[in-house]
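The values are calculated or read from the model by the stated rules, or taken from the named source; none is laboratory data. Computed from a predicted structure; not experimentally measured. When we count neighbours, we look across all protein chains shown, and the Cβ atoms used for this are built from the backbone with ideal geometry, even at glycine. Only protein heavy atoms, including side chains, enter the accessible area calculation; ligands, DNA and RNA are left aside. Shrake-Rupley method; radii C 1.70, N 1.55, O 1.52, S 1.80 Å.
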Amino acid sequence: MKKIITDCDGVLLDWAFAFNIWMREQGHFVLPETEHHFDLSKRYGIPKDEAVEKVHYFNQLGVLGFIPAYKDSVEYVTRLAREGWRFDVITAIGQDKYSHELRRANLLHLFGDVFDSIQCNVDFMKSKKDVLMKYKEHNYVWIEDRTECAKDGDEVGLKSYIMDHPYNKDYSGRRVNNWKDLYDREFANV
Ligand SMILES: [Mg+2]
């Protein structure tokens, strides 16, 4: 089967862009020299539990219906779909069912009918390993922006790639700067 497994935020969608605009409205700004932290409490200089609370609150505002695409994702994901590839999305946005519907609507609006599944209810505080286990018999490409989750893919035998961001430089496996990079490396001659 021509299948690609992908994370959503920081890979398909630019969640951090939208979150940052909203945080500025609340008077919170990204601190200088902190872009190498994945941890938002370090980036915004707020306590950990407050950062988690902000993320949960933000994700239930209805904005998940309107997150913009990340870099060249639309161009290359739709191109891959035209070439017969289908996508499974694994994303951790909490348990709110309306947020899940908005995320699905957002993805379908931007990318069209390219998804076989969009799984939203992964616990952000937990590893994605359990969810990825169902793909362990396959050598699918798995694309992530979070080091731990890319490693989860490695552990279950997926072909993990990290989407390059300042906060994931500690991942030593395969790395791409954008979807064109991934397309050229994995799919251009398939
Ligand atoms: Mg992500």
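Observations on the structure shown:
- In this structure the amide hydrogen of K136, modeled in the peptide plane, comes within under 5 Å of no amide hydrogen from residues 5 or more places off or on another chain.
- Fraction of accessible area attributable to carbon and sulfur, the chain (%, probe 1.4 Å): 51
- Stretchable slack from S172 to V55, in nm (0.36 nm times residue separation minus alpha-carbon distance): 39.3 nm
- Considering only the Cα atoms of the range 18-103, their convex hull presents on average a projected area of 6.9 nm².
- Bridgeable aspartates and glutamates around K159 (alpha carbons under 17 Å apart, same-chain partners fewer than 8 residues away excluded): D7, D88, D130, E137, E144, D145, E148, D181, D184, E186.
- For the range 107-190: rounded, prolate or oblate by the Cα gyration tensor [a/c cutoff 1.5]: rounded
- Shape call, the range 149-190: gyration tensor on alpha carbons, a/c limit 1.5: oblate
- Of K54/K136; K129/K169; K3/K71; K71/K128, those spanning more than 32 Å from alpha-carbon to alpha-carbon: K54/K136
- Here, P(r) means the percent of Cα pairs in each 5 Å bin from 0 to the largest distance; for the chain it is 1, 8, 16, 21, 22, 17, 10, 4, 1, 0.
- Whole-Hz ³J(HN,Hα) from phi, Karplus 6.51 cos²θ - 1.76 cosθ + 1.60, for the range 17-26, glycine and proline x: 4, 5, 4, 5, 4, 5, 4, 4, 5, 8
- When the Cα positions of F124, M163, Y183 are compared along the charge dipole of the chain, Y183 comes out farthest toward the positive end, with charges on each C-beta of Lys, Arg, Asp and Glu.
- Under the shape rule built on the C-alpha gyration tensor, where the axes satisfy a ≥ b ≥ c, the range 16-64 is prolate, since a/c reaches at least 1.5 and a/b is greater than b/c.
- For K126 and M1, the difference between the fully extended length at 0.36 nm per residue and the C-alpha to C-alpha distance is 42.2 nm.
- Within straight-line cross-link reach of K180, aspartates and glutamates at Cα separation under 12 Å, skipping those fewer than 8 residues along the same chain: D72, E75
- The lysines whose alpha-carbon is closer than 20 Å to the alpha-carbon of K48, local same-chain residues fewer than 8 away aside, are K126.
- Surface accessible to a 1.4 Å probe, per residue, for the residues of the chain, Å²: 51
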